[in-house]
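Read through the structure below, which is laid out as structure tokens, and then see the notes.
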Amino acid sequence: IVRAWKAIKGQGFTSASVVLCSGEKSLVTPDFVDAQLGETLPRRFDDAGIGAALPDPSEDGTLYLMSNSTVQLLARARRRLSRDEQSFTGDLGPALGPCRFSMRSAAITPKNHLATCCGFEVQGNEVLDLGPIDSESDAEAKLRKAGDDVLVTALSRFGPHFLREVARKLAPEITFDESCRSMCEICEDTVTRPEVVQVLRRHADAIAATILRMDEECM
């Protein structure tokens with residue numbers, strides 16, 4: 001990290017960030033990284049996991065910061081780590097609302113697929129993986145098409161908790177991981193499970209009608 005950080009300084013990038021997830025038992029923490037770099041980087045998130053205002057660019061024109069997320073039990077971590085290794089145990093409120101990253105922070109996977117977000121590994125996911133791309137115009141077209149997808153729209157407007165609760169009502173026989181502590185954990189427990197997605201797709205028209213009704217109630 002230190003060598004890479006020194007190599008990118010002053011190279012004309014718009015932004016550069018150290019992306020770090022840490023928990024109560026982590027040895028590599030934001031403070032540890034600061035000590036290794038010899039500077040204190042602005043934090044992207046506060047102690048409650050809420051996004052802070054972005055700092056101004058430095059004198060060389062690049063915005064430098066640390067994306068200091070907490071440890072989340074996603075993918076292999078769900079099988080290998082225990083809940084006491086996750087540092088965030090507070091209010092679930094922020095995890096129950098709309099996903100501010102879905103479609104607004106699209107990402108390209110290592111295999112050159114366009115994903116609606118960068119929350120967890122979504123390669124091959126029926127909802128979040130928009131497929132391979134070969135040009136900027138292709139990516140833009142796929143994003144426009146994804147904007148018409150009811151489930152993607154629901155994630156952006158109301159979040160994965162909304163979809164999980166819809167699936168729970170439609171198929172009460174499906175059980176969910178009630179220990180989820182973050183939005184990404186709730187999302188993974190919802191959209192990566194074929195039986196859940198199948199139920200949601202089967203009732204897409206009803207979900208779309210619910211979204212429209214909720215929009216009208218908010219007006």
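Readers should treat all values here as calculations from the given coordinates under stated rules, not as data from a laboratory. Predicted model, so just to flag it, every value in this text is computed and none were measured. With ideal geometry, Cβ positions are generated from the backbone for all residues, glycine too; neighbour counts draw on all protein chains shown.
The table for this structure:
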quantity	calculated
Between helix 160-170 and the chain: long-axis angle, C-alpha atoms, 0 to 90°, nearest 10	20 degrees
Dimensionless Rg ratio for region 90-137, taking C-alpha atoms and the 2.2 N^0.38 Å reference	1.31
Under the Debye formula (equal points on every Cα, no solvent term), log10 I(q)/I(0) of the chain at q = 0.09 Å⁻¹	-0.43
Formal net charge of residues neighbouring residue 204 (Cβ-Cβ distance under 12 Å; K, R +1; D, E -1)	-1
Using alpha-carbon coordinates, inclination of helix 204-218 to the longest axis of the chain, degrees	70 degrees
FRET E, pair residue 40, residue 96, Förster distance 35 Å, beta-carbon r, rounded to 0.05	0.60
Convex hull projection area averaged over all views, region 1-70, Cα basis, nm²	4.7 nm²
